[in-house]
Every structure is written in C-alpha cells, then in structure tokens.
Amino acid sequence: MREGIAAPGAPGAIGPYSPAIRAGNMIFLSGQIPLDSAGKLVTGDIAAQTEQVMLNIGVLLKAAGAGFEHVVRTTVFLLDMSDFAMMNTAYGKFVVDPPPARSTVQVSRLPRDARVEIDVIAVL
C-alpha cells in the first residue's frame, strides 16, 4: 500500500511526482530543493539554501508522522563540491545521533538552478 504525502508549509511538486510516499513503515521523500512554501527559490549562500531544504524535509516528515530521528538515509546533490563544508554545517543542525547514512555527489545542474538538493528515506 502506498500513500502520497504533501504538507502545507512545504513546496508542492514541480513535476509528476509526490513530495513524499509512505509505503508500509517506510517514508521516501523526493529530492527537496530550497523552495519556500510559495514555491520561490530561496536565494543566498549554500547554508541558507541547505537550511531551507532541511526545513522542507522536516515539514514533510512531520506530515508523515515522523521526524529527523526516523531518517536512515540521505543523498545530497551539490552544484559545487567546494560548498561541502558549509552545507555540512547547516545539515548538521537538523540531524540527530546517530546521523543517517549519507552520500554526497556533485552534479552539473539542479532544478530551478538550486545549489543543493537532498532526498531522504525514513523508517517508522
């Protein structure tokens, strides 16, 4: 059984996908970019963009009945790997111990020309 999850306060999908899907006790969040709740790209440095992404993730997790303590895996997509340290500091403000498994990769471009995108897998 699959259930689509969206949340007031989180940006809606900008394509044919669900912001999040619950399947049994697992929650899969689509990659989140730094859009505010009105769908506008947050400007600023990588820290500001990462914080918005993590806020969006938190809102979607809450709508699914979860929190950052349920996150087991993340993938971070960076436009520029030289942003890694600042992204890591902003990201670290949200994760809980033990932190989830994570991969971080540099990509050539992200939707809406964002500098960061993060997807999440959580288990209830």
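Summary of computed values
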{"quantity": "Net lengthening on full extension, R73/I14 (0.36 nm per residue, minus Cα-Cα)", "calculated": "18.9 nm"}
{"quantity": "Residue list for segment 91-124, given a label point 7 angstrom along the Cα-to-Cβ vector of A23 and an amide N cut-off under 16 Å", "calculated": "120-124"}
{"quantity": "Theoretical ellipticity at 222 nm over the chain - DSSP helices of four or more residues, -39500 (n - 2.57) apiece, nearest 500", "calculated": "-7000 deg cm²/dmol"}
{"quantity": "Most positive-pole-ward Cα, Q32, A6, V120, against dipole of segment 2-123 from beta carbon charges", "calculated": "A6"}
{"quantity": "Contour excess over end-to-end distance, with Cα ends at S82 and Q106 and 0.36 nm allotted per residue", "calculated": "7.7 nm"}
{"quantity": "Rg/Rh for the chain, where both radii come from Cα atoms and Rh is the Kirkwood radius", "calculated": "0.94"}
{"quantity": "In nm, spacing of pseudo-spin labels at D97 and K62 (7 Å Cα→C-beta vector)", "calculated": "2.5 nm"}
{"quantity": "Cα-based helix-to-principal-axis angle, 46-63 vs the chain, degrees rounded to 10", "calculated": "0 degrees"}
{"quantity": "Cα-based convex hull volume of segment 1-69 per residue, rounded to whole Å³", "calculated": "78 Å³"}
{"quantity": "Mean-position separation - Cα centroids, segment 44-82 and segment 89-124, in angstrom", "calculated": "5 Å"}
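Bear in mind these aren't lab numbers, they're just calculated from the coordinates by the rules spelled out. Bear in mind the structure is a predicted one, so any value in this text is a computation, not a measurement. Here the Cβ is made from the backbone with ideal geometry for all residues, glycine too, and neighbour counts use every protein chain on show.
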